[in-house]
Amino acid sequence: MRRSRILSGAVAALAVATGLLVPAGPASAAVVSGAVFNNPEVPAQQYAIRDHVRSLIQGAAVGSTISMALYHFEDTSVAADLADAKTRGVRVRVVLDYSSASTAATTSLTAALGTNRANPSWLTLCTANAACIGNLGTPIMHNKFYLFSSTNGSANVVVQSSANLTVSNATKYWNNAVTLVGNTGLYNAYLDYFDDLAAKAKTNDYYTTVGSGNAKAYFFPRAGTTADTDTIYNMLNENVTCEGNTSTGTETGRTIIRIGMWYFSRDGIARKLRELADQKCWIEVVYTTLDAGSLSYLSGHDRIVLYHIDGDYIVHSKYMLIEGTYAGKKDSKWVVTGSHNYSNAALRENDEAMVRVESAAIHDQYRSNFWAMRAAASS
């Protein structure tokens, strides 16, 4: 037994020194692009997102790199997985919002990784009472994403989630995570953003977009004061056509927009959704908080339906689904998801990431999740 451990350690050391990527353990199924959701009302499904992330950390190849940016970090099992990954020869780099500085997960992982960014592995905290990048108002580093250069036999894996690693995010909140595999351009875009978070490159106008393959990434904060500098408003205003579909949307070929949102307060988006409903789009919103202005635009229209989830369980997801005509493509299906609430802080102040994906398969996974949340709504 001792001899096998010595040989295993020697192989890991050689792999790190030579840059070879060696599987972490027994062969696992390759990672595939797709979505994962928790269901807070079903105990067996509460930790689905956390467990997915753990499987990718545990599968990270020796000599590979894990990069993680997270707002609230309290999960000691994930901290232990990351520490174990470093021990076996994975480079582990973590950026956390300062609000997580004193959690047990953070303190244990800091001890394991250290804080020196000149080393292969490290953990760094954003500025106290501020963000890493955003410097307007009272920003936070609100991201929830994970990057794996190689895990379970798959390269360039991006996981964009709405979930923090806390008990309440699993047991009380509806959340989602999308995994995109092998999109090198997207992976590198997220990696560049991660590096800027770690470097604390302060600005109130970081806004960057990168399109690659079937995906496009959006990184915030974005400067401006008007609707035409609101990314979600522009998506709706410039790209959505309400009629003319033949195999998607409503039975009469009208585009359907479905939104699952924790906090919705950008009235320009709500106003545009009402205009689209006037043009015969169908709009459905499952939400926890709608401010009075947005609620007024979305209420009282026969093609807009609102579903409220509050109380013991809340919607913490932040996603929009478009089924129909978008960017001139009829009968197409799109998902826009990330850490980005439809709030002014998410747009103008916070460090946030969002990704748009064109994929019928992923859209339909999200649509099923939307229907599940809709069924759980109180009104």
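Every number here is computed from the coordinates shown, using simple stated rules; none is lab data. Keep in mind that what you see is a predicted model, and the values were worked out from it rather than measured. Note that each Cβ is placed from the backbone with ideal geometry, even for glycine, and that neighbours are counted across all protein chains shown.
What to note about this one:
- Listed cross-link partners LYS144/LYS333; LYS86/LYS172; LYS172/LYS200; LYS216/LYS330 are compared with a 27 Å cut-off, the Cα-Cα value being larger for LYS86/LYS172; LYS172/LYS200.
- Shape of the chain, Cα gyration tensor, a/c cut at 1.5: prolate
- C-alpha long axis of helix 360-376 to longest principal axis of the chain, angle in °: 70
- Region 2-220: antiparallel DSSP beta bridges as a percent of all, rounded to 5: 70
- Centre separation in Å (Cα based) which lies between region 64-94 and region 152-213: 15
- Mean separation of Cα contacts under 8 Å (6+ apart) over length of the chain, as relative contact order %: 16
- The charge dipole of region 227-376, taken about the Cα centre with unit charges on the Cβ atoms of Lys, Arg (+1) and Asp, Glu (-1), comes to about 280 debye, rounded to the nearest 20.
- Folded to 0 to 90 degrees: helix 267-278 orientation relative to the chain principal axis, Cα: 50
- When the chain is described by a simple charge dipole with +1 on each Lys and Arg Cβ and -1 on each Asp and Glu Cβ, the residue from TYR47, VAL181, THR225 located farthest towards its positive end is VAL181.
- Positive-pole candidate from ASN135, GLY114, MET68, dipole of the chain, charges at beta carbon: GLY114
- Placing +1 on each Lys and Arg Cβ and -1 on each Asp and Glu Cβ, with no other charges, gives the chain a dipole about its Cα centre of roughly 1020 debye.
- Rounded tilt (10° steps) of 48-58 against the dominant C-alpha axis of the chain: 30
- Cα gyration tensor shape for region 227-376, rounded if a/c is under 1.5, else prolate or oblate: rounded
- Computed FRET value (nearest 0.05) for ASN214 with ASN237, which takes r as the C-beta separation and R₀ as 30 Å: 0.85
- Residue (of THR255, GLN365, SER299) at the positive-pole extreme of the chain, dipole from beta-carbon charges: GLN365
- Among beta bridges that DSSP assigns inside the chain, antiparallel share in %, nearest 5: 65
- Share antiparallel - DSSP beta bridges, region 201-349, percent rounded to 5: 60
- Cα gyration tensor shape for region 43-146, rounded if a/c is under 1.5, else prolate or oblate: oblate
- Estimated dipole of region 2-220 in Debye, rounded to 20 [Cβ of Lys and Arg +1, of Asp and Glu -1, Cα centre]: 600
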